[in-house]
Amino acid sequence: MREVQPLVGDDDVSPQAVSLREAFWFWLKLGFISFGGPAGQISIMHQELVERRRWISERRFLHALNYCMLLPGPEAQQLATYIGWLMHRSWGGIVAGALFVLPSLFILIFLSWLYIAFGEVPVVAGLFYGIKPAVTAIVVQAAHRIGSRALKNNWLWAIAAASFTAIFAFNVPFPLIVLGAAVVGYFGGRLAPEKFMVGGHSAAKKSFGPALIDDDMPTPAHARFSWTKLALIAVIGAALWALPMGVLTALFGWQGTLTQMSWFFTKAALLTFGGAYAVLPYVYQGAVGHYGWLTPTQMIDGLALGETTPGPLIMVVAFVGFVGAYVTQVFGADQVFLAGAVAAALVTWFTFLPSFLFILAGGPLVESTHDELKFTAPLTAITAAVVGVILNLACFFGYHVLWPQGFSGSLDWPSALIAIAAAIALFRFKRGVIQVLLGCALVGLVVHLLR
């Protein structure tokens, strides 16, 4: 990683106070450049906020990150919310978290419309023909990346294998797998605690100079814990969930498409331990298998679009909402785009609302101690189970891409070769996801046009 010079000048000089307006423009910029998944997004924030601008110290940055990694939801977006809240109170957190998501939402609404309206055009179809096998390789890489970090002993390998078997062979719902893993981790942590001590970022040892939020800075008044504040946030959060849900139920009924999408993605928001790849199996179980809002092929294409846009990968939910409402014509045949856009906005709201509440409600508790947070034993077990679930997702994608007519049909050899090439590029040559997707898209276009 190249050396980044701080904007503030001399390393011994404290940075100037930052206004909410200045922070607004930084968070907006971050929303447009936050490619590379959570690792890339956290790296960008570290470079900009710790090394370059010195808005927060290394130790306080990692302390916040450790908490965000304990939560369900996108840790990079929650980290931005946390730092924004610490700097500029609740509105600072809301601005930081919202701007991390909004650019991606608008881009995905546009791309989803292009996909659903022009997906059958030969050029577009050819591009997605190459993208689909690349996505399969990317999901395999995600399972490997999380597994190499999480599966440190035979106990955790066994949990991963059991979760794969449960969802692959018995189609056990993802929430039950999470619950079962948590129970195993709870008791395993007591029987063999040394086996469940995996995870957590180490405490910071490096300093980049004085920071606005420094190691020895006392907790700001707004960040101190108060039962009154906690109750107020809980009430406001409940209202922000219940009011739109009540309006949707009154307008469309509980079984209405938009109401069911909002309820489904509320549940999904509470199950995203381990990142977006962990919750995708739950999304396809519900959106594809149970509700039929989109097809398996469309789900793969949506993941590809999510990989190529800034923001959290879980923003693929906006694609699911758009396509589901567009195809089912929730507002009638003449308002399909409006239906898709409203659905995308709604599912984004219900997916990210818990993340804001976790930070604004839990942040004061975290700020009450600056000791390093550790993964709990149940969370360690859940992370291990997530590896098996993601591997099942790769099998699901591989089946639909390589055998488009089912096992009774023939293997699609061009797709298989593209998937192998993508895997080699990712594992052997360490190429970025966007590079791999673009390269495979061009190859797929050539193959599709030559057929």
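List of remarks:
- Enumeration of residues in segment 137-178 that are more than 26 Å from residue 422 (Cα to Cα) and out of contact with any helix residue (DSSP H, G or I) (no Cβ under 9 Å at 6 or more places or on another chain): 169, 170
- Qualifying residue in segment 308-325 (condition: open to solvent by 30 Å² or more (accessible area, probe 1.4 Å), in contact with a helix residue (DSSP H, G or I) (Cβ under 9 Å, 6 or more places away or on another chain) and polar (S, T, N, Q)): yes
- Of everything in segment 151-173 that is crowded, with 24+ Cβ neighbours inside 10 Å and among the β-branched types (Val, Ile, Thr), the residue that is farthest from residue 114 (Cα to Cα) is 159.
Here is a yes/no grid of residues against (1) under 24 Å from residue 150 (Cβ atoms); (2) exposed (fewer than 14 other Cβ atoms within 10 Å of the Cβ); (3) modelled with pLDDT of 90 or more; (4) within 26 Å of the chain's Cα centre (by Cα):
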| position | (1), (2), (3), (4) |
| --- | --- |
| 188 | yes, no, no, no |
| 196 | yes, no, no, yes |
| 207 | no, no, no, no |
| 215 | no, no, no, no |
| 225 | no, no, no, no |
| 232 | no, yes, yes, no |
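Each row is one residue, and each column tells you yes or no for (1) β-branched (Val, Ile, Thr); (2) open to solvent by less than 20 Å² (accessible area, probe 1.4 Å); (3) under 22 Å from residue 381 (Cβ atoms); (4) touching a Phe, Trp or Tyr at 6+ places or on another chain (Cβ under 6 Å).
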position	(1), (2), (3), (4)
112	no, yes, no, yes
116	yes, no, no, yes
124	yes, no, no, yes
128	no, no, no, no
131	yes, no, no, no
134	no, yes, no, no
142	no, yes, yes, yes
149	no, no, yes, no
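- In segment 409-433, the residues that are under 15 Å from residue 144 (Cβ atoms) reach residues that are surrounded by 12 or more Cβ atoms within 10 Å (Cβ to Cβ) and among the charged types (D, E, K, R) with C-beta atoms within less than 8 angstrom, at least six apart or across chains, in these pairs: 425/431; 433/307.
- Residue 250 of a type in the set (A, V, I, L, M), open to solvent by 10 Å² or more (accessible area, probe 1.4 Å) and farther than 26 Å from residue 415 by Cα: yes
- Exactly one residue among 380, 369, 376 is of a type in the set (Val, Ile, Thr), open to solvent by less than 10 Å² (accessible area, probe 1.4 Å), more than 24 Å from residue 261 (Cα to Cα) and modelled with pLDDT under 95, and that residue is 380.
- Just one of the listed residues (131, 94, 146, 138) is among the β-branched types (Val, Ile, Thr), in a helix (DSSP H, G or I) and at pLDDT 90 or above, and it is 94.
- Looking only at residues of segment 46-99 that are among the basic types (Lys, Arg) and in contact (Cβ under 8 Å) with a residue 60 or more places away in the chain, we find that the one that is most open to solvent (accessible area, probe 1.4 Å) is 89.
- Within segment 423-451, being within 13 Å of residue 125 (Cβ to Cβ) and either in contact with a Phe, Trp or Tyr (Cβ under 7 Å, 6 or more places away or on another chain) or surrounded by 15 or more Cβ atoms within 10 Å (Cβ to Cβ) (or both) holds for 441, 444, 445, 447, 448.
- The conditions of being open to solvent by 20 Å² or more (accessible area, probe 1.4 Å), modelled with pLDDT of 90 or more and out of contact with any helix residue (DSSP H, G or I) (no Cβ under 6 Å at 6 or more places or on another chain) are met by residue 107.
- Considering the conditions (1) in contact with a Ser or Thr (Cβ under 9 Å, 6 or more places away or on another chain); (2) on the phi < 0 side of the Ramachandran plot, residue 287 is excluded by exactly one of them, (1).
- Residue 354 meets each of the listed conditions (1) at pLDDT below 95; (2) open to solvent by 40 Å² or more (accessible area, probe 1.4 Å) apart from (2).
- Taken as a whole, the structure leaves residue 401 outside the set of residues that are part of a helix (DSSP H, G or I), open to solvent by less than 20 Å² (accessible area, probe 1.4 Å) and within 30 Å of residue 62 (Cβ to Cβ).
- Checklist (1) at pLDDT 90 or above; (2) in a helix (DSSP H, G or I); (3) farther than 27 Å from residue 79 by Cβ applied to residue 293, failing item: (2)
- Out of 102, 176, one residue alone is without any contact (Cβ under 8 Å) to a residue 12 or more places away in the chain and open to solvent by 40 Å² or more (accessible area, probe 1.4 Å). It is 176.
- The set of residues in segment 273-290 being over 16 Å from residue 170 (Cα atoms) and either at pLDDT below 85 or open to solvent by 20 Å² or more (accessible area, probe 1.4 Å) (or both) consists of 273, 274, 275, 276, 277, 278, 279, 280, 288.
The values are calculated or read from the model by the stated rules, or taken from the named source; none is laboratory data. Fair warning: this is a prediction, and the values are worked out from it, not measured in the lab. Reconstructed Cβ throughout: ideal geometry from the backbone, glycine too, with neighbour counts over all protein chains shown. Remember, those area values only see protein heavy atoms, side chains included, never the ligands or the DNA or RNA. Shrake-Rupley method; radii C 1.70, N 1.55, O 1.52, S 1.80 Å.
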